[in-house]
Amino acid sequence: MTTSPLRKLGSSDLEVFPLTLGGNVFGWTADEAQSFAVLDAYTAAGGNFVDTADSYSAWVDGNSGGESETVIGKWLAARGNRDDVVIATKVSQHPDFPGLTATNIKAAADASLQRLGTDHIDLYYTHFDKTEVPVEEIIGALDELVKAGKVRAIGASNISAARLAESLAFSDREGLARYVALQPQYNLVSRDTYEGELQAVAAREGLAAVPYYALASGFLTGKYRPGTTVESARATGAGKHLETERGRKVLAALDDIAESHGVPVATVALAWLASRPTVAAPIASARTVEQLPALLGVAELKLTEEEAARLTEASA
């Protein structure tokens, strides 16, 4: 596959591939060898944007959090390619580093740097906003990390439009580091959490959206059909969309468009997302190398206006 032009991430100097590789599966449903293979194949295809969090995958029995960062860190060390990859990670949900106090943000960042085996994080997100902590404290701590050279750019995930706007206004007023990216839940069957006020703030303030659950836990790959059983850790969440009219209409439109282009359903779902205002690089994860081509295809597929409109209407 040819290398796709990179996209600028908001107002930062980071340039990223139009598909973000999700690292939530590394050290969970993908062991170290599988994870290395997926990372190798993704970067060989021109990919350069890997997303993780310090809490991945603390929810798994026997894991304590940080497993994904550790796998990525070992891979970076083995390949010697740190400067070629944009690494995003997040703070607030690690069992040992919960919350967004200034002390915790700085301690969690140091722990992430150690696991990743690097001296800087390219994009550091607040994972879940904690409204009990003033935005002044959060932005102040993130700004210190930027000034120290430990973080290149900052972003926010799972935040309200009001808190995002308040954070940006404080950064501007004080001349401190400013959010450049936003990581909302956003896909063809979950549009309500992002479209509206949050998207309006992102558009007005020049933030890049990097949506998670871009394939709705696998539903938008097309493998979930009436009467089928899918062996997946996320099957219950994905399967519920089959029960809604919206889910069925989206699937029908995806099938038609995928067939006309000769591409997998997942590629079309990601292409719709990539074409939406403010969106820079949807996140999708692959447990195996075989799952990657359908995701990487988003870099090549350009939907017609009619195709995009049909999907937008089906998912309304």
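Points to keep in mind about this one:
- Charge tally around TYR56: other residues with Cβ under 13 Å, Lys/Arg +1 each, Asp/Glu -1 each, net -2.
- In this rough spin-label picture, where each label sits 7 Å from Cα along the Cβ direction, the THR229-THR312 distance is 4.1 nm.
- Highest-MSF residue in the chain out of ARG152, ARG82, ARG173 [GNM, Cα springs under 10 Å]: ARG173
- Springs join every pair of Cα atoms under 10 Å in this Gaussian network model of the chain, and among ALA156, ALA202, ALA235 the largest mean-square fluctuation is at ALA235.
- Of the two radii for the range 195-234, the radius of gyration is 1.23 times the Kirkwood radius, both from the alpha carbons; that is the Rg over Rh value.
- Range in the chain, longest, excluding exposed GluC sites (Glu not before Pro) [loop by DSSP; at most 10 other beta-carbon atoms within 10 Å]: 1-131
- Summing Cβ point charges (Lys, Arg +1; Asp, Glu -1) relative to the Cα centre of the range 177-224 gives a dipole of roughly 160 debye.
- For the chain, the share of accessible area belonging to carbon and sulfur comes to 51 percent (1.4 Å probe, ligands and nucleic acids excluded).
- Ordering TYR56, TYR124, TYR213 by accessible surface, largest first, gives TYR213, TYR56, TYR124; the 1.4 Å probe counts only protein heavy atoms, with every chain in place.
- Springs between Cα atoms under 10 Å define the GNM used for the chain, and in it the highest mean-square fluctuation of HIS94, HIS261, HIS241 occurs at HIS261.
- Residues of the range 36-131: accessible area per residue with a 1.4 Å probe, Å²: 35 Å²
- Among ASN24, SER11, THR52 the positive-end extreme of the charge dipole of the range 7-80 (Cβ point charges): SER11
- Interchain or long-range residues, amide H under 5 Å from GLY10's placed H: ALA208
- Alpha carbon centroid spacing (whole Å) that separates the range 248-268 from the range 1-55: 24 Å
- Among beta bridges that DSSP assigns inside the chain, antiparallel share in %, nearest 5: 15 percent
- For the range 13-99, taking Cα atoms only, Rg and Dmax work out to 12.8, 39 Å respectively.
- Within the assembled protein chains, the solvent-accessible surface assigned to ARG178 is about 60 Å², based on a 1.4 Å probe.
- Orientation-averaged projection of the chain equals 15.4 nm² [convex hull of Cα atoms, one quarter of hull surface area].
- Per-residue Karplus couplings for the range 175-190, computed as 6.51 cos²θ - 1.76 cosθ + 1.60 with θ equal to phi - 60°, are listed in order as x, 9, 3, 10, 4, 10, 9, 10, 10, x, 6, 6, 6, 4, 10, 9 Hz, Gly and Pro entered as x.
The values are calculated or read from the model by the stated rules, or taken from the named source; none is laboratory data. Since we're looking at a predicted model, the values are computed, not measured. Neighbour counts run over all protein chains shown; Cβ positions are idealised from the backbone, glycine included. The protein model used for the area step is the full one, side chains on, heavy atoms only, and it has no ligands, DNA or RNA in it. Shrake-Rupley method; radii C 1.70, N 1.55, O 1.52, S 1.80 Å.
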